[in-house]
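Comments concern the structure below.
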Amino acid sequence: MSCGSKGGNGKSSCGSAAGQGDLSPEIWEKIKNHPCYSEEAHHHYARMHVAVAPACNIQCNYCNRKYDCSNESRPGVVSERLTPEQAARKVLAVASNLPQMTVLGIAGPGDPLANPERTFKTFELVTQAAPDIKLCLSTNGLMLPEYIDSIQALNIDHVTITINMIDPEVGAKIYPWIYYNKKRHEGVEASKILSERQLLGLEMLTERGILCKVNSVMIPGINDHHLAEVNKAVKARGAFLHNIMPLISAPEHGTVFGLNGLRGPTAQELKALQDSCESEMNMMRHCRQCRADAVGLLGEDRSNEFTTERVMEMDVHYDLEIRQAYQQEVERQRAAVVVARNEELKTLAGDESNLSILIAVASKGEGRINQHFGHAKEFQVYEVSTTGVKFVGHRRVDNYCKGGFGEEDSLDTVVRAINDCVAVFISRIGNCPREGLLKAGIEPMDRFALEYIEQSALTYFREYLGRVRSGEIKHNQRGDAELRQGALIANL
Ligand code: CLF
Ligand code: SF4
């Protein structure tokens, strides 16, 4: 069955797009409101990170230590460091204000397991105060085998390991050194130790039923051809999800790769690798490479509303019943999205065509097309065919509207970012950008304003197919698109 049959409809499915009917009840319970482990959930539920872990025990060539850990973050971002006590208060403040926040992750700004006391103390304090919040940890894996018991004892049910290689020769080009057993190791030896520890840690976690995600940074010319092997190796060891993320590399980040001019992959290079691995295991495609102090839905960042200063002044009333009632309402909305999509999918049943298109969508969440073109800081990209609709990535862009004026330069960046799409779905759009998009061969679609994304995408596709078949339009293969590189320093 193709990926297009995703969703909780009882069909087999691949990707973090898997729905309720595709997974065992036990796994579904773990991922249903985790925005990273379930693509569907990421439209509705938020996560937060607390930056309690400053130290790191390895060096990655895509990282500059002045900034956050690039394994789960965009280079160039600096998070606000917190003590475990400050972090726990912040979690309660966010939980009181954002009942859709369901997951606390610790992902830096260094490596959480290079700061075990601070990391575990934070999780302990949060579990005592807010027991409904899922705990999530992201690590480079070097110290993972040592801390499996602590992870299990604290009920940390989601662990991410960044695994960029299983071949130490490849690793030597990514990691100049690691610090292990009170000693600095370099070159191939360092990567050999790191890889062994990562894979052992992964095996130990999955043996205990802890859900594991593997992040891999796709570095063209270094590990892009090797990641298919990594994918097989982590699947064999029980990883639940593989998240292949693009290298973000620019000289201004001051990283070894950035200074040496290594480029990140294009949108289509990344998609081709993700597609080729998808037959092996579940792929995550909605990662936003978050800050170590991110707050909100993936793709939005509300960390500025929850600075330490503000959190200290806030009235904090964690109320489990209010949170649960809110989440029940979210579940009702979410079920409606799935029903609408499945109904629409029926209209394509029996239709066979090899045509598939990409569309870009401006959305603020809830699975709806509910954002003005000029306000979008990212577009979500979906692939649509007769087999269904699936999320394939997002593209970060400059706001087209800045203080009410459209900027021609930013329209260019939007066009480059969604150049592989045939249409862009928005709630509203002005005449200038509409014309500019049409000139670039991208159809602006405001007809589905506030409607559900997947249902609308399928309707559009059915009509598009009809127009192609009648000869009204000609389907041309679109070009490649750009993933943003240097501009990611901004606090989005
Ligand atoms: Fe955070 Fe990571 Fe947990 Fe998610 S993020 S620790 S698994 S709660 Fe998510 Fe952000 Fe991508 Fe990470 S979108 S960078 S995958
Ligand atoms: Fe930087 Fe993270 Fe790598 Fe450590 S593990 S060097 S913080 S990217």
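The values are calculated or read from the model by the stated rules, or taken from the named source; none is laboratory data. Because the structure is a prediction, the values reported are computed rather than measured. No Cβ is skipped: glycine too gets one built from the backbone with ideal geometry, and neighbour counts run over all protein chains shown. Side chains included, ligands, DNA and RNA excluded: accessible areas come from the protein's heavy atoms. Shrake-Rupley method; radii C 1.70, N 1.55, O 1.52, S 1.80 Å.
From the C-alpha coordinates alone, can you work out the Kirkwood hydrodynamic radius of the chain, in Å?
Working: mean 1/r = 0.0435 Å⁻¹.
By the Kirkwood definition, the hydrodynamic radius is 23.0 Å.
In Å³ and rounded to a whole number, note down the convex hull volume per residue for the Cα atoms of the range 178-268. Mind showing how you got there, number by number?
Details: hull volume 11.8 nm³, N = 91.
For the range 178-268, the hull spanned by Cα atoms encloses 130 Å³ per residue.
Measuring from a point 7 Å past the Cα of Trp177 along Cα-to-C-beta, which residues in the range 46-67 have an amide N at less than 20 Å?
54-67
With the crude spin-label approximation of a point 7 Å out along Cα→Cβ, what separation in nm comes out for His475 versus Asp132?
Once both label points are built, they end up 4.5 nm from each other.
Based on the mean of other beta carbon atoms within 10 Å per residue, what is the order of 301-313, 100-112, 24-36, most packed first?
Values: 301-313: 15.0, 100-112: 25.7, 24-36: 17.8.
With the highest mean Cβ count within 10 Å placed first, the list reads 100-112, 24-36, 301-313.
Rounded to whole Å and sorted largest first, list the principal axis extents of the Cα atoms in the range 136-188.
Principal axes ranked by extent give 35, 24, 13 Å for the Cα atoms.
Rounded, prolate or oblate for the range 141-294? Axes are the square roots of the Cα gyration tensor eigenvalues, ordered a ≥ b ≥ c, and the cut-off for rounded is a/c under 1.5.
On the way: a/c = 1.59, a/b = 1.19, b/c = 1.34.
In terms of gyration-tensor shape, oblate.
Any chance you could list P(r) for the range 348-401, counting all Cα-Cα pairs in 5 angstrom bins from zero, rounded to whole %?
Going out from 0 Å in 5 Å bins, the range 348-401 shows 4, 19, 24, 20, 13, 10, 6, 3, 0 percent.
Run the accessible area of the range 242-366 with a 1.4 Å probe and give the carbon-and-sulfur part as a rounded percent.
Values: 2780 of 5670 Å².
Carbon and sulfur atoms account for 49 percent of the accessible area of the range 242-366.
Go through Lys90/Lys213; Lys66/Lys271; Lys364/Lys439; Lys182/Lys235; Lys66/Lys390; Lys66/Lys183 and tell me which ones have a Cα-Cα distance over 28 Å in this structure. Write down the numbers at each step before the final one.
Working: Lys90/Lys213 26 Å; Lys66/Lys271 30 Å; Lys364/Lys439 26 Å; Lys182/Lys235 32 Å; Lys66/Lys390 37 Å; Lys66/Lys183 23 Å.
The pairs that break the limit, which is 28 Å between Cα atoms, are Lys66/Lys271; Lys182/Lys235; Lys66/Lys390.
What is the packing order of peptides 428-441, 169-182, taking the mean over residues of other C-beta atoms within 10 Å and listing the highest first? Provide the component values of the computation, followed by the final result.
Working: 428-441: 15.1, 169-182: 17.1.
Top to bottom by mean Cβ count within 10 Å: 169-182, 428-441.
In the range 143-223, carbon and sulfur make up what percent of the accessible area (probe 1.4 Å)?
50 percent
What distance in nm separates the two pseudo spin-label positions at Glu463 and Arg184, each 7 Å out from Cα along the beta-carbon direction?
Rounded to a tenth, the inter-label distance reads 6.3 nm.
Per the helix-only calculation at 222 nm, which mean residue ellipticity applies to the chain, given -39500 (n - 2.57) for every DSSP H run of n ≥ 4 and division by its residues, nearest 500 deg cm²/dmol? Let's see the in-between values first.
Numbers: 14 runs with 162 residues, N = 492.
Theoretical 222 nm ellipticity from helices: -10000 deg cm²/dmol.
Once you put a point 7 Å from the Cα of Thr307 and another 7 Å from the Cα of Glu29, both along the Cβ direction, what distance in nm separates them?
My value for the distance between the label points is 4.2 nm.
Suppose we look only past 20 Å in the calculated P(r) of the range 299-420. What percent of the Cα-Cα pairs does that tail hold? Intermediate results must be reported in sequence, preceding the final value.
Details: 4642 of 7381 pairs.
So the portion of pairs separated by more than 20 Å is 63 percent.
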